[in-house]
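The values are calculated or read from the model by the stated rules, or taken from the named source; none is laboratory data. On a predicted model such as this, the values are computed, not experimentally measured, just so you know. Glycine gets a Cβ as well: all are built from the backbone with ideal geometry, and neighbour counts include every protein chain shown.
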Amino acid sequence: MIIDAQGLRKTFTTRSRKGTQTVEAVRGVDLKIDKGEIFGVLGPNGAGKTTTIRMLATLIVPDEGTATIAGHDLRREPAAIRRELGYVSQEGGVEDTTSARAQIMMAARIHNVPDPAKATAEVLDRFELTELADRPGRTLSGGQKRRVAIALGLVHSPPLLFLDEPTTGLDPQNRANLWDQIRRLRELGTSVLLSTHYLDEADVLCDRLVIVDHGTVVAEGTPAALKREVSGDVITLRLDRLEEAAEALQPHARETRIDDDVLRVYVDDGEHALPGLLRTLEERGLGLASIALDRSTLDDVFLAKTGRSLRDAGAAA
């Protein structure tokens, strides 16, 4: 196990003209992450993802809790932990006026890499940055900057990499390319801890994940297991008299849930459940505006655990 954290808590106090405000950003988070896996922290903006990662990266001190990271105690050995990890923040940290090569070379020297030039050349090649290496940061695209930022975090070959919202702001093609790069890191034996508010990113990238909300873990497991826990299929209906429809369809479902202007019906086998469901609606005189049959998603898991959609909680799909 490369990370074993228990009971992490962090509270921030802010002062303004309106007075003092206390925010419990993280409220008792536990994480157990195995070597060589991509582990995700999924949740809406403001859920405590970044604060959790910053505590584990030794950038801020937890108010409570313990953690062992790459064999080192979080409180007693922060310097040893920093040597064992790479950290890429949301902002990325790529300088506008300096070339990618110079920035990565500097990072290699800071980490006392034996041959900084060789390490820089290798990481530039790994992330397909060699042709861009001598251009100043301001001339790079968003996707290129993210690759440089990850190269900065990996030049000293750490066994563990932290990625905080790595694909925010990237177009779909650059996101997909970066996903491929992250998968390659796992193949090379690097453990990856990433935070994200993108449902599809957590689903396709992560071996395991936790879903966090208001600073607490509300679900943990593999994406497939979490979705199976909710239900096999989801039938989404738009119609009038939602509460009456939910009651009428309950015998056909594991669970029914009203979410704003739609009714979600969770069933084991949507294709076989659908005919009986439609007959019941017709018998009750409940006319449909639309109906859709889908597999459960991580948004359905978040909805089941918190009572609201992740999309509606300040996150993007």
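Starting from residues that are basic (Lys, Arg) and part of a loop (DSSP other than H, G, I, E, B), keep the ones in region 68-109 and report whichever is farthest from residue 56 (Cα to Cα).
Here the answer is 76.
Just checking, does region 200-216 include any residue being polar (S, T, N, Q), out of contact with any Ser or Thr (no Cβ under 6 Å at 6 or more places or on another chain), closer than 19 Å to residue 309 by Cβ and crowded, with 21+ Cβ neighbours inside 10 Å?
no
Considering only residues that are of a type in the set (A, V, I, L, M, F, W, C) and within 21 Å of residue 124 (Cβ to Cβ), which ones fall in region 177-208?
178, 179, 182, 185, 188, 192
Can you go through 99, 89, 16 and tell me which one is out of contact with any helix residue (DSSP H, G or I) (no Cβ under 7 Å at 6 or more places or on another chain), more than 18 Å from residue 164 (Cα to Cα) and either buried (at least 16 other Cβ atoms within 10 Å of the Cβ) or modelled with pLDDT of 95 or more (or both)?
Being out of contact with any helix residue (DSSP H, G or I) (no Cβ under 7 Å at 6 or more places or on another chain), more than 18 Å from residue 164 (Cα to Cα) and either buried (at least 16 other Cβ atoms within 10 Å of the Cβ) or modelled with pLDDT of 95 or more (or both) holds for just one of 99, 89, 16, which is 99.
Working only within region 114-137, note down all residues that are more than 30 Å from the chain's Cα centre (by Cα) and crowded, with 17+ Cβ neighbours inside 10 Å.
If the condition is that a residue be more than 30 Å from the chain's Cα centre (by Cα) and crowded, with 17+ Cβ neighbours inside 10 Å, then 116 is the only one that fits.
State all residues of region 1-15 that are of a type outside the set (Val, Ile, Thr) and either under 30 Å from residue 189 (Cβ atoms) or in contact with a Pro (Cβ under 8 Å, 6 or more places away or on another chain) (or both); if no residue qualifies, say none.
Hits for region 1-15 are 1, 4, 5, 6, 7, 8, 9, 10.
Within region 64-79, is even one residue in contact with a Ser or Thr (Cβ under 7 Å, 6 or more places away or on another chain) and among the β-branched types (Val, Ile, Thr)?
No, because not a single residue in region 64-79 is in contact with a Ser or Thr (Cβ under 7 Å, 6 or more places away or on another chain) and among the β-branched types (Val, Ile, Thr).
Quick check on residue 143: is it modelled with pLDDT of 90 or more and either in a helix (DSSP H, G or I) or among the basic types (Lys, Arg) (or both)?
no
Identify, from the list 218, 234, the residue that is of a type in the set (A, V, I, L, M), within 30 Å of residue 179 (Cβ to Cβ) and modelled with pLDDT of 90 or more.
218
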